[in-house]
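First the structure, in the form of structure tokens, and then the observations on it.
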Number of protein chains: 2
Amino acid sequence: MASKLSALKANLSPANTSPREPELARHLDTIIKGDCVAAMDKLPDASVDVIFADPPYNLQLGGDLHRPDQSKVDACDDHWDQFDSFAAYDAFTRAWMLAARRVLKPTGTIWVIGSYHNIFRVGATMQDLGYWILNDVVWRKTNPMPNFRGRRFQNAHETMIWASKNEKAKSYTFNYEAMKAANDDTQMRSDWLFPICQGGERLKDDNGQKVHPTQKPEALLARIMMASSKPGDVVLDPFFGTGTTGAVAKKLGRRFVGIEREQAYIDAANARMERIEPLHSVDLRQLMPKRAEPRVAFLSLLEAGLLQPGTVLTDAKSRHSATVRADGTLVAGEHEGSIHRVGARVQGFEACNGWTFWHYDNGDGHEPIDSLRAIIRRQIARSGG
Amino acid sequence: MASKLSALKANLSPANTSPREPELARHLDTIIKGDCVAAMDKLPDASVDVIFADPPYNLQLGGDLHRPDQSKVDACDDHWDQFDSFAAYDAFTRAWMLAARRVLKPTGTIWVIGSYHNIFRVGATMQDLGYWILNDVVWRKTNPMPNFRGRRFQNAHETMIWASKNEKAKSYTFNYEAMKAANDDTQMRSDWLFPICQGGERLKDDNGQKVHPTQKPEALLARIMMASSKPGDVVLDPFFGTGTTGAVAKKLGRRFVGIEREQAYIDAANARMERIEPLHSVDLRQLMPKRAEPRVAFLSLLEAGLLQPGTVLTDAKSRHSATVRADGTLVAGEHEGSIHRVGARVQGFEACNGWTFWHYDNGDGHEPIDSLRAIIRRQIARSGG
DNA sequence: TCAGACTGTGAATCTCGTC
DNA sequence: TGACGAGATTCACAGTCTG
């Protein structure tokens, strides 16, 4: 954590004379007004941790959706007319997705939300550009609008695509343990249930009209950020609208960069974010993933006197046993090596977590040697890492 | 209804000498062996009422995957699921979708099921070809396979696209009232909950191995047919597999045309359908899965604003306390984790029900957080579990 | 006979740092 | 960049075995 914070400070310090970082710092926690592709082109390569994008579905909404040559296809065949507008939407999608991919860190991920009108085109374009889909996540609405004509199913969900920068980018941020702990100790699923944005959270103008047609609920953004970012991370939203992403980022101790074309939305978003109170940093501390905990050598247990050479370890059901040697290896019959290797070999497996497999006799029964590792780790924590 | 039935009879009568109908009649309630495009080319224009298609998903799997207990996951690595590139998959999709569109009646609709690996490409291709998407429907699995490495959300759903032949085709079959009646007199939503196919329904060979890697549950097909077809309608399945579509069609008084390349699947499907007894009447409500009390994420309480990060929870007698963090975990001294885990640790127990153990201050005294869970559950009940 | 323990399994794009 | 090895990782059911 300390190193992360200092790295962040270095990143944002005006004393840092690298040409890239100040460029990002200048835009942190602000809204860039303008076209999202042009705005993203101002940001450095690999500079943001998470992108959340809620692109327009409606072809009429975007001035950038017009085909460059304005050519007219045979209007008597609606099929080709349709294809033409799909092609324009695809070009638009491709353009902003390319710009977004450049500014995304290798450890970063992107979220894109859409409905059946656009999400299939968006997803296909993402795959074409090399994004690697991690999940599609369904936002199930507790209170969707009914289908008035009774000619379809009630459209009760929207789809989000969560993707990393490419297939090789494996070390993206995902707070798996926290999600699981927060979900009754079972894995968080790909279908999430939230109410639509309404009530006090929904921004209204002086006439009581909603300011933005598709304002997303803060709860949705909160789960996204809690799942895929760390405190201090930078979240980019190229279709900022009325700033749900910024509001949640501020509340949850993340930084944001917003991009928006409409001044009315920008004004509403700035006023909204002004009212947000950030949470206390202590409440933002996240569950430490097992993978991030300090490594402990099995030999340390011997050196600390927690185990002695010659001790016999067994598995939980005492079906296998192995003897501890002074060099921190185990031996079991013809098998010898690390706790993991011997654990795997005695079972005939390829792999095994020796820390949880092997047990020792604590005088009152068998206990996994992982509990001895925990003792070492507490010593490390007390001595400040 | 009477006119529909008489029209159907006329259609199927050998006395009807139109060149088209006998061509279809010859294939009714049979499986055509071979490539699906070649087989569909044998069928007349505008001759089928519903198409259900479960095309290859083009999974791109790496090496083997093992469960935490080191057992190997039986992957879907069949040759028919392998494609060289997205372009190859798109060409394949385009070819069968074009053939399917020709044989579909103007009043007909098509259902295509897929996962995030392929569904975006499939949906974009459908739009390009002029299909008009009516809904995307999410099949939420009650019992999906977990994510074994803890690097993604549990992939707990698949997506179906429901589309008519083109934008102008407004008089497609949709049994809105029947769906509504079956769903406690509220509109049927676009997210459906069903278990995966297992138990007695799952076809096994003599060795107890599953016959087909991706057999779909009959309940899913039953809802599709009850929603979008009438008795006597013809349902085409170009990727018939082990014949779930045929089995459900027979059970529900629909006709089917199956297309399948693999003889082993054809044999299994024919034997299966032989065993099916048509139903005399169908009570759709019996097809609505009953769900136990849904699991609620503690995180949902924060997202709903019922609790705030930083809130201090106590046990009933205020002997223990813990602070709520933004990620939905608790922290109490050196203990951190889920409400259950921290509840157990502060008491020195192995296990604890955090929902009843932890209390919050409701302004008028202490109340278990379980009462907040009840609020969330009421929302969940409204959206079908 | 029954309750509980134990085993098996499903469309899966499933690690990461170091040398 | 690839090989190596430490070490992290599962939910809901169905079916079988055991006491």
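The values are calculated or read from the model by the stated rules, or taken from the named source; none is laboratory data. Note that the structure is predicted; figures quoted are calculated from it, not measured. Note that each Cβ is placed from the backbone with ideal geometry, even for glycine, and that neighbours are counted across all protein chains shown. Note: accessible area is taken over every heavy atom of the protein model, side chains too, but ligands, DNA and RNA are not part of it. Shrake-Rupley method; radii C 1.70, N 1.55, O 1.52, S 1.80 Å.
About its Cα centre, the dipole of chain B is roughly 780 debye, where the only charges are +1 on Lys and Arg Cβ and -1 on Asp and Glu Cβ.
Normalised per residue, the accessible area of segment B:60-106 is 58 Å², obtained with a 1.4 Å probe and no contribution from ligands, DNA or RNA. Computed about its Cα centre, the charge dipole of the protein assembly as shown is approximately 760 debye, with only Lys, Arg, Asp and Glu carrying charge at their Cβ. Accessible surface of segment B:293-384, 1.4 Å probe: 46 percent of it comes from carbon and sulfur atoms. Surface composition of segment B:214-282: carbon plus sulfur atoms contribute 52% of the solvent-accessible area (1.4 Å probe, protein chains only, all chains present).
Computed log10 I(q)/I(0) for the protein assembly as shown at 0.06, 0.09, 0.11 Å⁻¹: -0.44, -0.97, -1.34, from the Debye equation with unit scatterers placed on every C-alpha and solvent omitted. I want the antiparallel fraction of DSSP beta bridges within chain A, as a percent rounded to 5. Among the beta bridges of chain A, antiparallel pairing accounts for roughly 60 percent. Sorted largest first, the principal axis extents computed over the alpha-carbon atoms of segment A:216-358 equal 75, 31, 23 Å. Each copy carries A:PRO146; placing its label point 7 Å along the C-beta direction from Cα gives inter-copy distances of 4.2 nm, listed from smallest up. Loop-resident GluC sites (Glu not before Pro) (DSSP state other than H, G, I, E or B) in segment A:137-222 with no more than 15 further Cβ atoms inside 10 Å of their Cβ: A:GLU167. Here the Gaussian network model covers chain B, with springs between Cα atoms less than 10 Å apart; of B:THR30, B:THR242, B:THR109, B:THR30 fluctuates the most.
A plus B alone minus the pair: what accessible area, both sides summed, probe 1.4 Å, in Å² to 100? The buried area between A and B, both sides summed, comes to about 7100 Å².
Under conditions of 20 °C and 1.002 mPa s, segment B:169-254 yields 148 µm² s⁻¹ as its translational diffusion coefficient, taking Rh as the Kirkwood radius over Cα pairs in the Stokes-Einstein equation. Rounded to the nearest 10 degrees, the inclination of helix B:2-12 to the longest alpha-carbon principal axis of chain B is 60 degrees. Computed about the Cα centre, the dipole magnitude for segment A:293-384 is approximately 220 debye when only Lys and Arg (+1) and Asp and Glu (-1) carry charge, each at its Cβ. Between B:LEU61 and A:ASP364, the modelled labels are 4.6 nm apart [label points 7 Å from Cα along Cα→Cβ]. Computed over segment B:205-246, the range of Cα coordinates on each principal axis works out to 39, 18, 14 Å, biggest value leading. Highest mobility in the GNM of chain B, judged by mean-square fluctuation with C-alpha springs under 10 Å and restricted to B:PHE153, B:PHE83, B:PHE52, is found for B:PHE153.
The angle between the Cα long axis of helix A:370-382 and the main principal axis of chain A comes to about 70°, on a 0 to 90 degree scale. The residues of segment B:275-301 occluded by other protein chains by 30 Å² or more of accessible area, set against the chain on its own, are B:ARG295, B:ALA297, B:LEU299; surface from heavy atoms, 1.4 Å probe. Every other copy gets compared here: list the nm distances from the B:ARG67 label point (7 Å along Cα to Cβ) to its counterparts, shortest first, one decimal. From this label point to the equivalent ones elsewhere in the assembly: 5.4 nm. With contributions of -39500 (n - 2.57) from each DSSP H run of at least four residues, the per-residue ellipticity at 222 nm computed over the protein assembly as shown stands at -9500 deg cm²/dmol. Note on B:SER71 and A:GLN379: the model spin-label points, each 7 Å out from Cα along the C-beta direction, lie 4.0 nm apart.
Within segment B:157-234, report the trypsin sites (Lys or Arg not before Pro) that DSSP leaves as loop and that have at most 16 other Cβ atoms within 10 Å. Listed in order of number, the matching sites are B:LYS168, B:LYS170, B:ARG202. Each residue, B:ARG202 and A:SER321, gets one label point 7 Å from its Cα in the Cβ direction; the gap between the two is 3.9 nm.
Working note: Debye formula, equal point scatterers on the alpha-carbon atoms of segment B:293-384, no solvent; log10 I(q)/I(0) at q = 0.10, 0.14, 0.21 Å⁻¹ is -0.23, -0.46, -1.01. The calculated pair-distance distribution of chain B uses every alpha carbon pair, bins of 10 angstrom beginning at 0, and gives 4, 19, 26, 21, 14, 10, 4, 1, 0 percent.
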